[in-house]
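Reviewing the structure listed below.
The values are calculated or read from the model by the stated rules, or taken from the named source; none is laboratory data. This structure is a prediction, so every number in the text was calculated from the model and none was measured. Every residue, glycine among them, receives a Cβ derived from its backbone with ideal geometry; neighbour counts consider all protein chains shown.
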Amino acid sequence: MSVFSKVRRLFRRRPSIRGTYDAAKIGGQNVQHWLASDALDADTANSLGVRQRISRRSRYEISNNGQGRGIQLTQANYVIGRGPKLRMQTGSSPFNSMIEWVWTRWTSEVKLARKLRTAIKAKVSDGEAFLIIVQNPRLKHPVKLGLQSVECEQVTTPHLGPLEPNKIDGVEFDEFGNPLFYHVLRYHPGSSWGGLDSTPERIPAEFVLHLFREDRPGQHRGVSELHPSLNLFAQARRYREATISAAENIANFSLCLRTQQTPSEGPDLVRPFSTMPIEKSMMVALPYGFDAFQPKAEQPSATYDQFIRSIACEQARPLNMPYNIAAADSSGYSFSGGKLDHMTYFVSVDVEQAEIEDGILEPLFEVWFREAVQIQGWAVPKTPSPLHSWDWPRKPVIDETKTASARKQDLSSGVVSLRRIYAEDGFDLEEELQAMAADYGVTIDELRARLYEVNLKPAGQVKEPPTDAEDEVEASFRGMPRFREKENGKHETHAHHRL
């Protein structure tokens, strides 16, 4: 290539690339659809007015919609159930049992499981839940710590300025974004005492347990988890009412009359577009010469089930809840299909339980253990809290036989341990071993040895107990030789082989 060609190619105009994103175009058919989009940050988008409006509408819909109420209750029952159980993991079994027993007594008195279920319900409808650790001298338990549940409207900062740094409605932060204080009103703004005292109390964040779903970076307050599908609940109710109205209107006109005669040229008996009451099961009598006919229902009632099923799936989708769980209806499912949907939802439940451990249980246990050590006088190292974990109630199992078979195979292959299986069912292995040893009248070491033989020893080395039929055959042939060795190494067998 010559020098002239190289220079010419260098200054040649290249065609511009016109590739772009359809969603980034300014015009188009969806221009009206994107008008409500904004560039606000998470806290500004979830402002006080937005959160209050959504929570009020969500509460109203859940209070008047059976499907919404069922979704809320199902979420609380699946995530919390009978409540988590503390499992201490220190090296001292007596110390572990003592801490677990004292903790269980305290959680029973303060009704921790019920408060956690209420927190999940509030998280679904309001978007967030607050539990405040307070002193409750009326408790019978030596540890006088109580839990006070407050609604999201009580955590607010009246007259918050627009330019106050490290503050949003109800929360103060440090320079790293860690909550320092929560502003909590003494009375709910909607109560009869709400207008008497509007000065919030600054409570240290250590004693405020705040549970919400973080959907955006920098988000510090939550909105209703059903807000993406909240309008669908109203649409489903309107569709149901419209279907009922159409059926009632057709039923009201049991029979009509028509004629081939020319209409009279006199004035109409009624004014056009006027309304009149309809009587049920009536027949309309018209002038002489009219024929009777029955009107047909044009309402597509055959697709009503399909519409309700489709909209119910989208209503519960923000919670990752499948239709058969949200609607409590698996009639259209196969066994495997229903089980797969349950597995998808159980993954979401595991995530919710992990959020509760990090946001509520761990901070609560740290404060409780520090208080309990001072009151009980336990000699423990000065650490935030000893090693421990949380056991949640067992999730429902569809096929017990297949589950037991799969666990047996996992145990024999060493994939899982007994401790993990018992933890999945919400039990402590050490406690169950002590109970089983006491029931069977053996020591714990003997029970462990037997469990090892059954689960981990190769199949050929495990001596299975004989059945009743085998015992009878064994007794009839006892003392009689079955095999006789020959010099050439072969066996001479008798006719009485073991059955």
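The residue that is farthest from E352 (Cα to Cα), among those in region 391-422 that are surrounded by 14 or more Cβ atoms within 10 Å (Cβ to Cβ) and either in contact with a Lys or Arg (Cβ under 7 Å, 6 or more places away or on another chain) or at pLDDT below 80 (or both), is I421.
Inside region 341-362, residues that are in contact (Cβ under 8 Å) with a residue 60 or more places away in the chain and of a type in the set (G, A, S) make up a count of 1.
Picking from residues in region 76-93 that are farther than 17 Å from L112 by Cα and in contact (Cβ under 8 Å) with a residue 40 or more places away in the chain, the one that is surrounded by the most Cβ atoms within 10 Å (Cβ to Cβ) is M88.
Residues are listed down the side, and each one gets a yes or a no for (1) surrounded by 12 or more Cβ atoms within 10 Å (Cβ to Cβ); (2) under 24 Å from P363 (Cβ atoms):
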{"position": "D174", "(1), (2)": "no, yes"}
{"position": "L185", "(1), (2)": "yes, yes"}
{"position": "W193", "(1), (2)": "no, no"}
{"position": "A205", "(1), (2)": "yes, yes"}
{"position": "L230", "(1), (2)": "yes, no"}
{"position": "A234", "(1), (2)": "yes, no"}
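Checking each residue in region 379-394 for being in contact (Cβ under 8 Å) with a residue 60 or more places away in the chain and assigned to a loop (DSSP other than H, G, I, E, B) picks out P386, L387, W392, P393. Residue-level check: of (1) exposed (fewer than 11 other Cβ atoms within 10 Å of the Cβ); (2) at pLDDT 90 or above, S37 misses just (2).
Per-residue answers, yes or no, for (1) of a type outside the set (D, E, K, R); (2) free of Cβ contacts under 8 Å to residues at least 60 places away in the same chain; (3) under 30 Å from Q315 (Cβ atoms):
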site: E164; (1), (2), (3): no, yes, no
site: L180; (1), (2), (3): yes, yes, no
site: V184; (1), (2), (3): yes, yes, no
site: I203; (1), (2), (3): yes, no, no
site: V208; (1), (2), (3): yes, no, no
site: F212; (1), (2), (3): yes, no, yes
site: Q219; (1), (2), (3): yes, no, yes
site: R238; (1), (2), (3): no, yes, yes
site: E248; (1), (2), (3): no, yes, yes
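Scanning region 183-218 for residues that are under 27 Å from the mean Cα position of the chain (by Cα) and not in a loop (DSSP other than H, G, I, E, B) yields A205, E206, F207, V208, L209, H210, L211, F212.
Every residue, every condition in (1) modelled with pLDDT of 90 or more; (2) touching a helix residue (DSSP H, G or I) at 6+ places or on another chain (Cβ under 7 Å); (3) assigned to a helix (DSSP H, G or I), yes or no:
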{"site": "E298", "(1), (2), (3)": "no, no, no"}
{"site": "Y304", "(1), (2), (3)": "no, yes, yes"}
{"site": "S310", "(1), (2), (3)": "no, no, yes"}
{"site": "S330", "(1), (2), (3)": "no, yes, no"}
{"site": "G338", "(1), (2), (3)": "no, yes, yes"}
{"site": "T344", "(1), (2), (3)": "no, no, yes"}
{"site": "D350", "(1), (2), (3)": "yes, no, yes"}
{"site": "G359", "(1), (2), (3)": "yes, no, yes"}
{"site": "F369", "(1), (2), (3)": "yes, no, yes"}
